[in-house]
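Notes follow once the structure below has been shown.
The values are calculated or read from the model by the stated rules, or taken from the named source; none is laboratory data. Predicted model only: the values in this text are computed from it and were never measured. Virtual Cβ from ideal backbone geometry, glycine too; neighbours counted across all protein chains shown. What goes into the accessible areas is simple: the full protein's heavy atoms, side chains included, and nothing from ligands, DNA or RNA. Shrake-Rupley method; radii C 1.70, N 1.55, O 1.52, S 1.80 Å.
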Amino acid sequence: MKYISTRGGMEPASFSAILLEGLATDGGLVIPESVPRVTREQLEAWRPLSYPELATEILGLFATDIPRDDLAAMCRAAYSAENFASEAVVPLTPLGGGLTLVGLSEGPTLAFKDMAMQFLGQALEYVLARNDRALNIVGATSGDTGSAAEYALRGKDGIAVFMLSPQGRMSDFQRAQMYSLMDDNIHNIAVEGVFDDCQNLMKALFADLDFKRAHDLGAVNSVNLGRVTAQCVYYFWAWLRASDGLDAAARERFEVSFTVPSGNFGNIFSGFLAKSMGLPVRRLVLAANENNVLDEFFRTGVYTPRGAADTFATSSPSMDISKASNLERFVFELLGRDPERLSAAWRELDGTGRIDLSAEQPRFEQEFGVQSGSSTHADRVATIRSVFESDGVLIDPHTADGVKVAREHVEPGTPMLVLETAKPAKFPEIVLEATGERIGIPERLSGLLELPQRVTEMRDDEAELRAFIAERAVRR
Ligand SMILES: *Cc1c(COP(=O)(O)O)cnc(C)c1O
């Protein structure tokens, strides 16, 4: 299997080669040259597999240049009992009204980013060793993405992490999670400023190509195809577990729909890929919060990214996006995998600030099964409360966005699987507001707040940051 760019300007490359890159060399997004197909017979053959075994099968369709035994070892290490609290790795919890939660936040940072980052950590270490290369990850975080990256990359050979976070702007829990990591290869840098300042510092470093090359800088952002493929696995897993109790005839006809709390369109794109591989999925429902650029796009066919000033800070913060970095992959499929048409659409976006695909909009649902909806803070509070009252289950505000939209799209006879993207313990305030329940952090993380912390405080100063990185970067 080779990988190409949505813009058509990259030589086909192997899975190992594209793992180390964010964007394609021509500025587009990396996609598989062709989509591997899975039959119902194959799905049934996979039914007895554990999560790491299933991951090996599915990732094996993409990572064809990595020997199967090596891939199996990586998947076992990524989805181990040490990393994931649930023995199933991804447990399913039925709710009322035809809905089932798919638990994606059993990992070390209690959010779904762990699902892909844990695999990527293993795969990066492996590929770097084989190529005798080093990688220095530079990232900016307001909390969640940074911690998932650090937990996945801590202690890995040939990799260091330099994570910028805004001083004094994260919760005690988020700070403790990141700053208590004492691994030599993890460098937390608290910048005097806000998240945008951190991001600007990072962008400035990456814009300096000489510095970037000299110190092997890289990123592990949500457009990384290794993450997208690892996320496919739980769509297959959820379909299998949801149909475990059925007889053979019912399994033959079995279909599910998924609702996905969405921000950068990474998670739901993985569902889209799973569906195009042949997983029997009826609908993929995108759930947005007040930052509803994607809901607007799927309803009207017009995509109008917003500026930072028009992006609201909401109570489901990981979905507060102004543009959706992975959408280009969907538009590429929509435009018949034609790099010319895709590039023309993106030129239109650069020129006018919008893309008008309203002529194609009816196909979104007919051909791709995509629907969408959005919710507000009041909806999240009401949904957290009603799920707690009717099912006795506490959910986090992102999952609540999903449940709210799922209820509007559930169809009789088709199970609606809602992806649980974070644990409620990460958002105790809204849970308290909605239910009156005081939720503590999970037992296995109790004591986290008391651990010693290590962080370097820094002014918002590019020169200082460069010196810091140059001194501590790993080399080979
Ligand atoms: C990242 C994240 C999302 C959004 O996922 P995308 O892949 O960016 O669409 C939703 N919920 C939580 C809790 C997240 O951390």
Points 7 angstrom from Cα along the Cβ direction at E433 and E87: gap in nanometres?
3.8 nm
Starting from one equal scatterer on each C-alpha and no solvent at all, send me the Debye-based log10 I(q)/I(0) for the chain at q = 0.13 Å⁻¹, two decimals.
-1.34
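Of the heavy-atom accessible surface of region 108-186 (probe 1.4 angstrom), what whole percent is carbon and sulfur?
37 percent
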q = 0.14, 0.17, 0.19 Å⁻¹, region 254-402: log10 I(q)/I(0) [Debye, one scatterer per Cα]
-0.70, -0.99, -1.18
How many percent of all Cα-Cα pairs in region 353-455 sit more than 18 Å apart?
60 percent
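Looking at the square roots a ≥ b ≥ c of the eigenvalues of the Cα gyration tensor of region 241-318, which shape do they give, rounded for a/c under 1.5, prolate if a/b is larger than b/c, or oblate?
prolate
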Mind grabbing the accessible area of E462 for me, 1.4 Å probe, Å², rounded to tens?
70 Å²
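Over the alpha-carbon set of region 206-255, divide Rg by the Kirkwood Rh and report the Rg/Rh ratio to two decimals.
Details: Rg = 20.6 Å, Rh = 14.5 Å.
Radius of gyration relative to Kirkwood radius: 1.43.
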The rounded separation in angstrom of the Cα centers of region 364-426 and region 111-171 is 29 Å
For the pair R363 and A463, what calculated FRET efficiency results from E = 1/(1 + (r/R0)^6), where r is the Cβ-Cβ distance and R0 = 56 Å, to the nearest 0.05?
0.65
Order by protection proxy (mean Cβ within 10 Å, highest first), peptides 390-403, 419-432, 306-319:
390-403, 419-432, 306-319
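Kyte-Doolittle mean at least 0.0 and Cα extent at least 24 Å along the axis: which DSSP H helices of the chain qualify?
113-130, 225-242
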The base-10 log of I(q)/I(0) that the Debye equation returns for region 419-476 at q = 0.25 Å⁻¹, one scatterer per C-alpha, is -1.02
Region 1-107: Rg to Rh, with Rh as the Kirkwood radius over Cα pairs:
1.05
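Just the accessible area per residue of region 218-335, please: how many Å² with a 1.4 Å probe?
Working: 3230 Å² over 118 residues.
So region 218-335 comes to 27 Å² accessible per residue, rounded to a whole number.
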Links that overshoot a 23 Å alpha carbon limit, given the list K113/K275; K113/K156; K113/K426; K275/K423; K203/K275
K275/K423; K203/K275
Averaging over every viewing direction, what projected area does the convex hull of the Cα atoms of region 140-189 cover, in nm²?
3.0 nm²
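Which value, in debye to the nearest 20, gives the size of the charge dipole of the chain about its Cα centre, when Lys and Arg are +1 and Asp and Glu are -1 at the Cβ?
On the way: 47 positive and 67 negative charges, 116 e Å.
Magnitude of the dipole: close to 560 debye.
When the accessible area of region 345-476 is computed with all protein chains present and a 1.4 Å probe, what percentage of it is carbon and sulfur? List each step's numbers first, then the result.
Working: 3240 of 6710 Å².
Ligands and nucleic acids excluded, carbon and sulfur give 48 percent.
Of the heavy-atom accessible surface of region 270-329 (probe 1.4 angstrom), what whole percent is carbon and sulfur?
Carbon-and-sulfur percentage of accessible area, whole number: 52.
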Approximate spin-label separation T311-E192, in nm, with each point projected 7 Å along Cα-to-Cβ:
2.5 nm
